[in-house]
Every structure is written in structure tokens, then in C-alpha cells.
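Below: one structure, written as C-alpha cells.
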């Protein structure tokens with residue numbers, strides 16, 4: 001709660017400063033000036049009173065321009081017409097995340113009646129004997145009677161598990177942002193919700209279920225795959241290439257794999273298929289089941305990577321960088337391929353050295369021919385998530401960077417800064433190997449072209465989509 005108290009005090013001082021210094025400002029003007037003063041004070045680590053000097057412009061237009069240039073020095077120089085996002089403030093102690101000191105252990109397990117005798121239900125009940133278990137008719141029915149949907153409820157999601165019989169929503173195209181070059185990825189919707197607490201995670205805004213969801217009928221998913229694979233849209237999208245399919249969009253693929261055992265039927269089903277490359281995306285090192293099976297080059301385990309200082313301050317409960325790289329080494333030895341996702345990449349003082357060190361650590365233990373692909377994507381999120389991050393992690397520093405509304409109306413680093421970040425990482429990765437399949441995640445076509453980065457999964461069409 002120390003971060004919450006510190007930021008609450010900062011916000012109170014800012015509001016008092018604006019109220020007393022600019023009493024004639026209306027609601028909207030007050031909100032924008034409060035927001036700018038607060039962010040400058042937090043970013044520069046100074047009291048809000050020091051932001052305003054005796055020479056600060058007394059009028060709203062002049063004051064806002066002065067504060068915008070101070071808050072966004074790079075952006076204001078390169079794009080005077082940039083779009084800042086200046087929402088109001090909501091800091092509530094109930095919304096501030098209290099990090100748990102122990103490992104994952106749910107308090108409640110709800111099991112749909114149709115799967116009450118499933119192996120998955122038995123595994124959870126055996127693993128968590130102190131959890132209260134209840135039978136429900138259907139998850140949808142349960143949720144219709146459940147009231148809580150706010151941040152405070154999201155903070156407690158790991159306390160509740162739902163074991164269900166999934167009847168739909170098995171596969172879908174990667175939800176690529178508007179106007180971005182799509183990667184042709186297909187999401188395998190297996191489980192929903194995550195036990196890790198990443199400050200930047202989009203699930204904080206997206207999730208409306210008060211718990212973690214685990215389907216007990218993986219066999220039904222696999223039965224449905226064959227009909228999905230034969231859809232005309234799927235064939236035309238991937239003509240001449242393998243279908244890229246994977247878990248990890250709405251959860252971590254391996255976080256509880258020792259318990260769910262999901263990886264076992266998935267590897268057995270997809271291993272050796274010439275038309276599919278299947279990926280497990282993870283921040284976990286829960287690879288025991290994978291190591292017990294025969295690997296194959298069409299089964300990929302992909303790790304999200306960041307410097308350890310970013311992991312320590314933004315990926316709570318997740319494994320360390322060293323553990324992830326060691327797990328990747330063991331996976332390669334077992335006959336699988338690996339992928340690495342530098343996504344999101346963070347911009348801060350010293351970021352170049354830190355990310356280069358990550359790449360050097362990979363290159364020291366992983367043969368580049370065993371890498372299926374590497375994705376690059378800078379920090380970005382829907383504007384609504386900004387207030388959620390502030391509410392849950394008031395001491396965060398990822399929002400101190402310059403982030404403005406981008407081409408897709410998400411908050412992003414300025415275009416030029418993103419280009420410099422990508423250029424550095426591509427050059428560093430190319431020193432490691434010139435044959436790495438590198439792609440940008442959720443970036444516009446113009447960025448690809450400026451970087452002269454070839455699309456690794458087929459050529460680009462005029463509108464930025466994959467061509468044939």
C-alpha cells in the first residue's frame with residue numbers, strides 16, 4: 001500500500017494546486033491540467049509544486065502547451081498535432097493489487113455438472129483439497145447471477161477456478177489491431193485467465209469472469225479442429241504455408257500444465273502434421289510433460305522475454321529470464337523448436353544494453369536453426385487500460401514514458417521512437433543470425449516498409465494482409 005499512499009498524496013497535492021491556482025478552470029480543463037501535472041511530477045520524481053514556476057503561463061491554452069511540451073518532449077517536437085490521452089483519475093485502495101506471498105492456491109472450485117467426473121475436475125480437487133468445491137449447471141448461468149465485474153474482483157480472480165465443458169469459441173484468428181499487418185496466426189482458445197500479474201496485460205481490461213476457466217473436454221477441441229482446418233477462408237489464408245496455431249492468447253499455455261496435462265493430447269495430436277505448426281506461448285518453465293514426450297520441429301514452445309529488471313517490476317510471479325532460457329535449451333534438446341517474443345518491449349534509460357544482453361544470453365545457448373520465429377512489439381494498449389494499470393499498480397513506471405494515441409487509437413510510443421527500437425533489435429538479432437524469421441506484432445505496414453523487414457509467412461498484399 002506504500003505506492004498507493006504515495007501516489008494518493010501526490011494526486012491530492014496536484015488537485016489542491018490546480019484548485020487554488022486556477023479556480024476558474026472548468027471540469028474538463030481542470031482534468032487535463034491535473035493529469036499533466038501529476039504525470040510530470042511522477043515521471044521527474046519531483047513535488048508537483050516544482051513543476052509550476054513563477055513564469056508558467058496563467059491562461060489555459062498557454063499552460064496546457066507548456067505542460068504538454070514538458071510531458072511529451074520528443075513527441076511535441078516531431079508532431080505538434082499529436083494526440084495525448086488525458087483521462088480523469090481514480091485511485092481506490094480496493095483496486096490496488098496486494099501481491100500474494102504464496103503460490104497459486106484457489107479458494108473455490110466450481111465444476112459444471114456435465115464434467116463433474118472428468119479427469120481435470122479430479123486433478124484440481126486432489127491438488128487443492130482445502131478449496132471449497134461446488135457443482136454448477138453452466139458457467140453462463142452462474143455468471144448471469146454474479147454481480148462483481150470491477151478491478152477489485154479481477155484482483156481476486158486466482159481465488160476461483162471454473163472447470164467447464166466448452167461448447168464453442170475453439171479457434172479464431174489472432175485479434176490483430178486495426179490497420180496493422182496481420183501475422184496469419186490462429187488462436188487455440190484453451191483456458192482463460194492467468195495466474196501471473198503483468199502490469200501491462202490486456203486481460204485486465206478484457207476479462208469479465210471472476211476466475212480462471214479450464215475446459216475439461218480437450219478431445220472435443222481436437223475433433224473440431226479438422227472441420228476448422230478445411231474452411232475455405234483458412235485454406236486461402238495459408239495456401240502454400242503451414243497453419244500457425246497456438247495457445248497462450250487468453251492465458252499462459254503452460255502455467256499449470258503439470259495439473260491440467262493439456263500439452264499431452266495437443267502434442268500427440270499435432271506432432272508430425274505437415275500442415276500445422278503448433279505453439280505453446282508461456283512465461284512458465286512448467287515443461288515436465290513436454291520433456292516426457294517425443295518432440296518434433298512442428299511443435300514450438302514460445303517464451304515472452306524481457307530484461308530481468310522488467311520481469312522483476314512488471315511480471316509478478318512469472319519465472320526469471322535465466323529460467324526461461326534454460327527451459328528453452330532443454331526443450332530444444334528434447335526435439336522441439338522454440339520461439340521468442342520480445343513483446344512488449346519497454347523504452348527506458350539503458351534499454352539498449354539490457355535487451356542486447358538478453359539476445360546475447362539466447363545466442364549463447366540456442367542454435368538459431370532451432371528458432372521458429374521471433375516477434376517484436378513495443379508496449380501498447382487500449383486507452384481504457386491506462387487507468388486500470390494506475391489503479392492496480394499505482395507505483396508503476398511503464399506509464400512514465402511518452403505514450404500517445406497511435407494509428408489504431410491505442411496508446412503507443414511515438415512512431416519515430418518505435419522505429420529506433422525495432423531497428424536496434426533487428427540489427428542485434430541479425431548479428432546473432434541472418435536467417436531468423438522476425439516479424440512485427442500489431443504494427444502498421446509503413447513501419448514494416450521503413451524497416452525493410454520481409455514478411456516471414458508469405459508476401460504482403462497491397463492492403464497489408466498476407467498474400468499468395
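The values are calculated or read from the model by the stated rules, or taken from the named source; none is laboratory data. The structure presented is a predicted model; accordingly, all values stated were derived computationally and were not measured. Please note: Cβ atoms are built from the backbone with ideal geometry, for glycine as well, and neighbour counts cover all protein chains shown.
Of 24, 19, which residue is loosely packed, with under 13 Cβ neighbours inside 10 Å, assigned by TED's automatic domain parsing to the domain that holds residue 71 and outside any helix (DSSP H, G or I)?
Going through 24, 19 in turn, just one is loosely packed, with under 13 Cβ neighbours inside 10 Å, assigned by TED's automatic domain parsing to the domain that holds residue 71 and outside any helix (DSSP H, G or I): 24.
Could you grab me the full set of residues in the stretch 154-194 that are surrounded by fewer than 21 Cβ atoms within 10 Å (Cβ to Cβ), part of a loop (DSSP other than H, G, I, E, B) and out of contact with any strand residue (DSSP E or B) (no Cβ under 7 Å at 6 or more places or on another chain)?
156, 167, 168, 169, 170, 175, 176, 177, 178
Against the definition (surrounded by 14 or more Cβ atoms within 10 Å (Cβ to Cβ), farther than 26 Å from residue 69 by Cα and without any contact (Cβ under 8 Å) to a residue 12 or more places away in the chain), how does residue 446 come out, yes or no?
On the way: surrounded by 14 or more Cβ atoms within 10 Å (Cβ to Cβ): yes; farther than 26 Å from residue 69 by Cα: yes; without any contact (Cβ under 8 Å) to a residue 12 or more places away in the chain: yes.
Taking the combined requirement at face value, the residue satisfies it.
Out of 383, 456, 394, I need the residue that is on the phi < 0 side of the Ramachandran plot, out of contact with any helix residue (DSSP H, G or I) (no Cβ under 7 Å at 6 or more places or on another chain) and at pLDDT 95 or above. Which one?
Values: 456 fails: at pLDDT 95 or above; 394 fails: out of contact with any helix residue (DSSP H, G or I) (no Cβ under 7 Å at 6 or more places or on another chain).
Answer to the selection: 383.
Residue-wise test of (1) in contact (Cβ under 8 Å) with a residue 12 or more places away in the chain; (2) touching a strand residue (DSSP E or B) at 6+ places or on another chain (Cβ under 6 Å); (3) assigned by TED's automatic domain parsing to the domain that holds residue 176.
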position: 398; (1), (2), (3): yes, no, yes
position: 421; (1), (2), (3): yes, yes, yes
position: 430; (1), (2), (3): no, no, yes
position: 434; (1), (2), (3): no, no, yes
position: 441; (1), (2), (3): yes, yes, yes
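One line per residue, one yes/no per condition, for (1) within 24 Å of residue 244 (Cβ to Cβ); (2) free of Cβ contacts under 8 Å to residues at least 12 places away in the same chain:
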residue: 294; (1), (2): yes, no
residue: 298; (1), (2): yes, no
residue: 306; (1), (2): yes, no
residue: 314; (1), (2): no, no
residue: 321; (1), (2): no, no
residue: 324; (1), (2): yes, no
residue: 346; (1), (2): no, no
residue: 350; (1), (2): no, yes
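Among the residues of the stretch 335-346, is any in contact with a helix residue (DSSP H, G or I) (Cβ under 9 Å, 6 or more places away or on another chain), in a loop (DSSP other than H, G, I, E, B) and at pLDDT 95 or above?
Among the residues of the stretch 335-346, at least one is in contact with a helix residue (DSSP H, G or I) (Cβ under 9 Å, 6 or more places away or on another chain), in a loop (DSSP other than H, G, I, E, B) and at pLDDT 95 or above, which makes the answer yes.
Give the number of residues within the stretch 113-150 that are crowded, with 18+ Cβ neighbours inside 10 Å, at pLDDT 95 or above and under 29 Å from the mean Cα position of the chain (by Cα).
5
If I filter the stretch 409-431 for residues that are part of a helix (DSSP H, G or I), more than 22 Å from residue 176 (Cβ to Cβ) and under 17 Å from the mean Cα position of the chain (by Cα), do I get at least one hit?
Looking through the stretch 409-431, none of the residues is part of a helix (DSSP H, G or I), more than 22 Å from residue 176 (Cβ to Cβ) and under 17 Å from the mean Cα position of the chain (by Cα).
Report yes if residue 203 is surrounded by fewer than 18 Cβ atoms within 10 Å (Cβ to Cβ), closer than 30 Å to residue 412 by Cβ and at pLDDT 90 or above, otherwise no. Show your work before the answer.
Numbers: surrounded by fewer than 18 Cβ atoms within 10 Å (Cβ to Cβ): yes; closer than 30 Å to residue 412 by Cβ: yes; at pLDDT 90 or above: yes.
Against the criterion (surrounded by fewer than 18 Cβ atoms within 10 Å (Cβ to Cβ), closer than 30 Å to residue 412 by Cβ and at pLDDT 90 or above), residue 203 qualifies.
Which of the following residues is part of a loop (DSSP other than H, G, I, E, B) and surrounded by fewer than 13 Cβ atoms within 10 Å (Cβ to Cβ): 84, 80, 61, 106?
On the way: 84 fails: surrounded by fewer than 13 Cβ atoms within 10 Å (Cβ to Cβ); 61 fails: part of a loop (DSSP other than H, G, I, E, B); 106 fails: surrounded by fewer than 13 Cβ atoms within 10 Å (Cβ to Cβ).
Criteria check complete, one pass: 80.
Quick one: residue 94 ticks every box in (1) under 16 Å from residue 207 (Cβ atoms); (2) outside any helix (DSSP H, G or I); (3) in contact with a helix residue (DSSP H, G or I) (Cβ under 9 Å, 6 or more places away or on another chain) bar one, so which box is it?
Here residue 94 clears every test but (1).
Condition first: modelled with pLDDT of 95 or more and either part of a loop (DSSP other than H, G, I, E, B) or not assigned by TED's automatic domain parsing to the domain that holds residue 190 (or both). Can you find one or more residues in the stretch 216-237 that meet it?
Step one: list which residues in the stretch 216-237 are modelled with pLDDT of 95 or more, which gives 216.
When the remaining residues are screened for being either part of a loop (DSSP other than H, G, I, E, B) or not assigned by TED's automatic domain parsing to the domain that holds residue 190 (or both), the result is 216.
Yes - at least one qualifying residue is present in the stretch 216-237.
Do you know which residues across the stretch 367-396 are surrounded by fewer than 19 Cβ atoms within 10 Å (Cβ to Cβ) and free of Cβ contacts under 8 Å to residues at least 60 places away in the same chain?
Scanning the stretch 367-396 gives 367, 370.
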